[in-house]
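Presented below is the structure to which this report refers.
The values are calculated or read from the model by the stated rules, or taken from the named source; none is laboratory data. Nothing here was measured: the structure is a model prediction, and the numbers come from that model. Here Cβ is always computed from backbone atoms with ideal geometry, including for glycine, and neighbour counts include all displayed protein chains. These area figures cover heavy atoms from the full protein model, side chains too; ligands, DNA and RNA do not enter into them. Shrake-Rupley method; radii C 1.70, N 1.55, O 1.52, S 1.80 Å.
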Amino acid sequence: VQLQASGGGLVQAGGSLRLSCAASESILSINVMGWFRQAPGRERELVATITSGGSKNYADSVKGRFTMSRDSAKNTVYLEMNSLKPEDTAVYYCDAGVSDRTWLGFWGQGTQVTVSS
């Protein structure tokens with residue numbers, strides 16, 4: 001499966017963005033989808049996950065500000081990001097996983113999010 005993230009951009013602190021991750025085929029059989037981010041000089045980190053059953057988990061750094069959702073009919077997952085902070089600046093990627101510890105590595109190009117102070 002190919003995944004393509006989009007929706008990034010430049011936003012001021014406190015602003016919002018909605019990221020999309022479109023899959024090239026059905027995501028119904030995928031156990032878990034995740035959003036990751038990687039800032040310059042830092043390791044890629046898991047930001048949010050959603051299972052095929054709809055259960056969601058978030059990194060502590062984004063809880064209460066980010067919301068992940070999925071539209072299986074459109075083979076797309078989303079990441080709604082509110083109250084953005086400069087430390088949210090990173091390239092955001094999506095991936096499919098067998099579990100929240102085993103990821104398949106379908107990263108794609110990612111989408112850049114830049115939050116200015």
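Worth a mention:
- Taken as a whole, the structure leaves LYS63 outside the set of residues that are open to solvent by 30 Å² or more (accessible area, probe 1.4 Å), under 19 Å from LEU3 (Cβ atoms), among the basic types (Lys, Arg) and at pLDDT 95 or above.
- Flag for TYR58 being surrounded by 17 or more Cβ atoms within 10 Å (Cβ to Cβ) and without any contact (Cβ under 8 Å) to a residue 24 or more places away in the chain: yes
- Search result, residues across the range 79-113 that are within 20 Å of VAL32 (Cα to Cα), open to solvent by 60 Å² or more (accessible area, probe 1.4 Å) and outside any loop (DSSP other than H, G, I, E, B): GLU80
- All strands (runs of 3 or more DSSP E) inside the range 1-78 with 1 or more residues being over 17 Å from VAL91 (Cα atoms): 17-23, 32-38, 45-51, 56-58, 66-71
- Among the residues listed as SER29, SER55, SER72, the single one being hydroxyl-bearing (Ser, Thr, Tyr) and modelled with pLDDT of 95 or more: SER55
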